[in-house]
Structure formats: C-alpha cells, structure tokens
Amino acid sequence: MLESNGASVVAPKIEDLSQNTATGSSGSTKYIRSSVKSPCPVCGRVKDKDCSLHPDGKTAHCKTYVSGIGHDESQWHYNGTNKQGFQGIFVLKQVESEFVKSPRPKSSKSYYYPNRDGSPLLRVNRIDRGDGQKNFYQQHWDGNKWVNGNPEHIKRLIPIYRYREVQQAIERQELIFVVEGEATADALWALGIAATTTIGGSGGYANYGSYLDDLLGARLVLTPDRDSLGIKYMSEFERDFSIFIEGWYLAGTVGLWKIPRGEWILGTILATGTIPKNRF
C-alpha cells in the first residue's frame with residue numbers, strides 16, 4: 001500500500017495491468033496516465049498524470065523513481081530514463097516458468113568411448129529404473145570382451161566423447177556444444193548440432209587425461225546443466241580451453257533458473273524436439 005496526498009492507494013495487481021487500453025484517433029497506442037482509477041504500478045501515484053503505463057501492462061514510465069532508486073525491484077526492472085530525463089522507465093519482470101523433468105522410462109543404454117584409432121576402449125552403461133533413479137557403471141575392453149571397471153592405464157587414454165565426429169566438426173569450423181552427459185550430446189547430434197562431453201561428467205572431469213589435443217582449433221560453446229555442479233563443470237572447462245570458447249549457452253538468465261537439478265537441455269529436446277531458447 002502506498003501513500004499519495006494523504007490517501008492510501010493500492011497499486012494495481014500485475015494481472016490487471018493489461019485490462020485498460022487506449023488508442024489515439026490515429027490508431028497509435030497511448031500510454032495510460034496515472035490517476036485515481038489507474039495508479040502508477042511502480043510508485044502508486046494518483047495525484048497527477050506524471051506517470052504512465054503502456055496498455056500491455058509491461059512498460060511503465062514513473063516520475064517518482066526517475067533514477068530507479070528505492071522502487072520495489074521484485075516486479076519491475078529499472079531500464080534508465082526516458083529521452084526527456086524526467087521519468088524512469090520500468091519493465092515488468094518476466095518470471096521463467098519452472099522446468100519440470102519427467103523421469104525416463106525403464107531402460108538401459110551403453111555409450112562408447114573408442115580409442116582415437118577407432119578400436120574398442122571403454123563404454124559407460126546407464127540403467128534407468130523408470131522412477132527417476134539411475135545407475136552408471138563403466139567397462140573396458142580387454143582385447144576379447146568387455147570387463148567391469150576402468151583401470152588407471154585406460155583412464156589416461158580416453159578421448160573426448162564422439163571423438164571422430166568432433167574432429168570432423170572442427171575441420172568444418174562448426175560450433176561444438178560442450179554438454180554434460182552422453183545422452184545430451186547424442187540428442188544434439190540427432191538435431192544436426194555438433195556436441196561433446198567428457199567421461200564422468202561434472203564429477204569426474206579432473207580424474208582423466210587431457211583433452212587439449214582433441215579440441216585444438218575447436219569453436220566451443222559451454223552448455224551447463226541447471227545446477228551448481230553444471231556451472232562448476234563448465235567453469236573448469238573454460239579454464240582449460242579459454243582460447244577456444246565462443247560463448248555460453250543458457251536458458252534465460254542464470255539468476256532466474258528454476259531447479260530441478262540437471263539435464264534441462266536433454267529434457268527440453270525430448271519434450272519438444274528443439275533446443276531451448278538461448279542467450280550467450
């Protein structure tokens with residue numbers, strides 16, 4: 001509740017802001033001037049017409065908070081002053097809808113990391129229980145069969161995921177999206193987008209060999225999962241490959257992300273067949 005000329009004024013609700021519209025005789029849109037019937041949504045002003053609101057309810061010009069200092073920042077973002085310099089411009093904050101990840105159906109899948117010469121080396125097996133729970137285990141090739149475990153002498157040999165396709169993408173100077181998880185990389189490749197990851201994901205990046213030679217000359221876009229581990233993983237990647245990083249690919253603004261943890265890109269691809277709206 002806001003005070004104006006000694007009277008208590010309630011600022012209009014966000015959902016009501018777009019109900020009052022007005023157009024001039026020429027058909028051009030007119031801003032709604034502040035009044036008792038239409039208080040300024042930023043400061044509650046009613047005593048004069050010095051504040052105004054666009055009919056769509058998303059942009060307001062406020063005389064009280066010209067500099068933006070002191071206004072309620074929970075609903076309105078300050079965007080500087082108007083050309084005349086006597087009104088602050090405010091934009092209604094858009095709240096990102098919460099991402100809801102559905103559990104994968106019960107299934108099992110293997111992801112392969114062959115040697116750089118194409119011979120068998122290691123595979124990661126994923127088992128989904130259908131209730132959101134999952135398990136991983138690794139197996140290495142002993143020359144005849146797949147054997148459980150990933151011994152130290154194998155770890156040092158493991159290349160970047162989909163090494164051969166990545167090398168071809170580098171030759172074509174394509175952007176390569178660095179993601180967390182083989183399934184996400186595969187989903188991007190299915191859309192015709194070059195992508196890779198490292199074995200062990202965010203928790204195991206530093207536990208394996210160097211990938212520098214695998215990504216020489218690459219044009220990389222870092223694509224973190226929606227959680228602190230995802231950001232940490234890509235930050236480590238940026239530290240090691242800074243000269244090859246062309247940008248970060250995020251869903252909206254990090255501060256507005258709604259978590260559940262992880263796999264937001266893959267979940268969106270599976271649900272819509274497209275990658276989420278990006279922002280570098």
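The values are calculated or read from the model by the stated rules, or taken from the named source; none is laboratory data. These numbers were taken from a predicted model, which means no experiment stands behind them. Cβ: placed from backbone, ideal geometry, glycine included. Neighbour counts: every protein chain shown.
Evaluated against (1) on the phi < 0 side of the Ramachandran plot; (2) at pLDDT below 90, Gly262 falls short on exactly one condition, (1).
Yes/no matrix, rows are residues, columns are (1) closer than 30 Å to Ile199 by Cβ; (2) of a type outside the set (Lys, Arg); (3) in contact with a Gly (Cβ under 8 Å, 6 or more places away or on another chain):
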site	(1), (2), (3)
Tyr31	no, yes, no
Lys37	no, no, no
Gly57	no, yes, no
Tyr78	no, yes, yes
Asp128	yes, yes, no
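Per this entry, Asp131 is not counted among residues that are of a type outside the set (Gly, Ala, Ser), exposed (fewer than 11 other Cβ atoms within 10 Å of the Cβ), in a loop (DSSP other than H, G, I, E, B) and at pLDDT 95 or above.
Report yes if Lys134 is under 30 Å from the mean Cα position of the chain (by Cα) and closer than 30 Å to His54 by Cα, otherwise no. For Lys134, the condition - under 30 Å from the mean Cα position of the chain (by Cα) and closer than 30 Å to His54 by Cα - is not met. Out of the residues in region 106-131 that are among the acidic types (Asp, Glu) and under 27 Å from the mean Cα position of the chain (by Cα), state the one that is farthest from Gly204 (Cα to Cα). Step by step, filter region 106-131, then rank; the result is Asp131. Test of understanding: among Gly209, Gly201, which residue is within 26 Å of Ser102 (Cβ to Cβ), modelled with pLDDT of 50 or more and assigned by TED's automatic domain parsing to the domain that holds Glu180? Only one candidate passes the filter, namely Gly201. Out of (1) within 27 Å of the chain's Cα centre (by Cα); (2) loosely packed, with under 15 Cβ neighbours inside 10 Å, what's the single condition that is false for Asp214? It is condition (2) that Asp214 fails.
The strands (runs of 3 or more DSSP E) found entirely in region 56-116 that carry 1 or more residues being at pLDDT 85 or above and either on the phi > 0 side of the Ramachandran plot or among the hydroxyl-bearing types (Ser, Thr, Tyr) (or both) are 59-62, 76-81, 107-113.
Restricted to region 147-166, and to residues that are in contact (Cβ under 8 Å) with a residue 12 or more places away in the chain and in a helix (DSSP H, G or I), which residue is surrounded by the fewest Cβ atoms within 10 Å (Cβ to Cβ)? It would help to see each step written out before you state the result.
Residues of region 147-166 that are in contact (Cβ under 8 Å) with a residue 12 or more places away in the chain, as a first pass: 150, 154-166.
Imposing the further condition that a residue be in a helix (DSSP H, G or I) reduces the set to 154-155, 163-166.
Values: Ile154: 19, Lys155: 17, Tyr163: 19, Arg164: 12, Glu165: 16, Val166: 22.
If we take residues in region 147-166 being in contact (Cβ under 8 Å) with a residue 12 or more places away in the chain and in a helix (DSSP H, G or I), then Arg164 is surrounded by the fewest Cβ atoms within 10 Å (Cβ to Cβ).
The single condition among (1) part of a loop (DSSP other than H, G, I, E, B); (2) more than 30 Å from Val221 (Cβ to Cβ); (3) at pLDDT 95 or above that His140 does not satisfy is (1).
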